[in-house]
Structures are given as C-alpha cells and as structure tokens.
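The values are calculated or read from the model by the stated rules, or taken from the named source; none is laboratory data. As the structure is a computational prediction, the values presented were derived from the model and not from experiment. Glycine gets a Cβ as well: all are built from the backbone with ideal geometry, and neighbour counts include every protein chain shown.
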Amino acid sequence: MEARRAIQTMHRWLGLILAAQVLLWMTSGVVMSWFPIGKVRGETAAAIEAPLSLAATSYFPPGGVAAAFPGATEIRLKTWLGRTVYSVKGEAGAALFDAETGERLTPLPEALAKKVAAADFRGEGDLKRLVLMNNPPAEYRGPTPVWRADFTDADKTRLYISPQTGEVAARRNRVWRLYDFFWMLHIMDYDERENFNNPLIRAFALTGFLFALSGVFLVVTRIAGGRYKADIVRPKPAPRPSGGG
C-alpha cells in the first residue's frame, strides 16, 4: 500500500513537471510551423545564384592555385560577383582565387565584402553598416572573424559573410530570431541551441518514460483491486417478460 501511494505521488509530480514542458513543446511547434522556412532562412530576400557558364578561354592552371595554397584538398570552379573564380578548401581553411589571373582574392577587404552583401540582398532596404567582427552576436555560430552587413529593411536583415570563402555564411532576420527562440525551447538547448541530444531533453525523455510506466502500474493495481470492475464487467440487462395471451 505504501509503495503504491509513493508511486501515485511520484506519478502526479512527474505529470506536473511534464505538463509545463509539453505546453512549451506544443507552443513552440505551433509557432515554428507558422512561418515558411524560406522566410526564416532569409532566402526570400536572397539573390539566386546563376548557373556556372564557362567561357571559351584559358584559365589559370589549377596546379598553380594548389601551389599557392598548400594542403588544398578541393579546388572548384564557380562564378562569384560576375567573375570566374577558384574556390579552394584545405587544411589551412578556404580561399578564393581569380580563375583568369590566379590572384588571391581573400581574405575579403571591405570593398569586396560590401559587393557580396549588395549582390546577395534582394529585399527592400539599403546597406546600413558593414563591420568585421571577431566576437559576433550569438545568432551567428560559425567561424570568425566574419563580416556583418546590416540592412535597413523592416525585417532587420543581417548577412554574415565569410572573409575566407567570400560566401554568405548566415542570413538572419526578425522572423529567424523569433523562430530560433522557440527552437531553443523546443529542443531544450539553452546554450548553443543546436544540440538535440542534450542532457536536459534526455532527462525529460526519461521523466516521460517513468510517468508512463507509473501510470501503467497504477492502472494495473487498480484493476487487480477491483477498482474498475463495475466498469469492465457490466451486468446483463434482465430479459423483458414475454407478453401473456
């Protein structure tokens, strides 16, 4: 009897604890499903990259690029700001080289970073500020340093541009920030907001399991004690008397 009471008390407290988090899960799920993911990622205000079109001309030898970037593991030809470039990645990081002259274009100076920001943003607003940051806000979770471009649009768009790759590493806006807050509540990662397997959510998963297990135990013990007998075994209705002649 004492054990059953203890389990019943535990079941009630577990239910109370879980109810608060379940409410957060449901609320965050509704909010996150409300916004189109393209709007959240800032893709609706981003330019679409044109397909690569190679001109019939000679390019700087890739071997020369590899020699200028020791440890290169990948050399890819692509278009960037209207020109053809080599995108190089390797042990030392990443870099861009002009495909015609072999000139190294990165780390990006301010003038080129401004061109990247202007070419990527297609929303309503102008470039307000461009800053090279070593300690960017928590909304950016990539390598540093990074160029941050602020725009004057209603969504308060920010572009984070990698000085090494010359690419937009992240797009942030008001919708993304709201989404990210509820994503944090949903996965219960209040630090980096990326770890779906963090200890806290595992603890709540275990709590939910114990809640269900204790609930099953209470139902079984009550059935065994005849608590639900009247509901499970209903008496058959008495037969109606047959009419006499």
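Quick notes
- Condition check for residue 123: at negative phi and in a helix (DSSP H, G or I): no
- Number of the exception - residue 147 against (1) modelled with pLDDT of 85 or more; (2) more than 30 Å from residue 105 (Cβ to Cβ); (3) of a type in the set (Phe, Trp, Tyr): (2)
Here is a yes/no grid of residues against (1) touching a Phe, Trp or Tyr at 6+ places or on another chain (Cβ under 9 Å); (2) modelled with pLDDT of 80 or more; (3) within 30 Å of residue 144 (Cβ to Cβ):
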| residue | (1), (2), (3) |
| --- | --- |
| 156 | no, yes, yes |
| 159 | yes, yes, yes |
| 188 | yes, yes, yes |
| 203 | no, yes, no |
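- The listed residue being farther than 22 Å from residue 180 by Cβ, under 23 Å from the mean Cα position of the chain (by Cα) and assigned by TED's automatic domain parsing to the domain that holds residue 58, out of 165, 144, 106: 165
- Matching option when the condition is assigned to a loop (DSSP other than H, G, I, E, B), of a type in the set (Phe, Trp, Tyr) and either under 29 Å from residue 33 (Cβ atoms) or more than 29 Å from the chain's Cα centre (by Cα) (or both), among 190, 160: 190
- The sole residue among 73, 9, 44 that is hydroxyl-bearing (Ser, Thr, Tyr), modelled with pLDDT of 90 or more and surrounded by fewer than 16 Cβ atoms within 10 Å (Cβ to Cβ) is 73.
- Total residues in the stretch 148-170, condition at negative phi and surrounded by fewer than 19 Cβ atoms within 10 Å (Cβ to Cβ): 6
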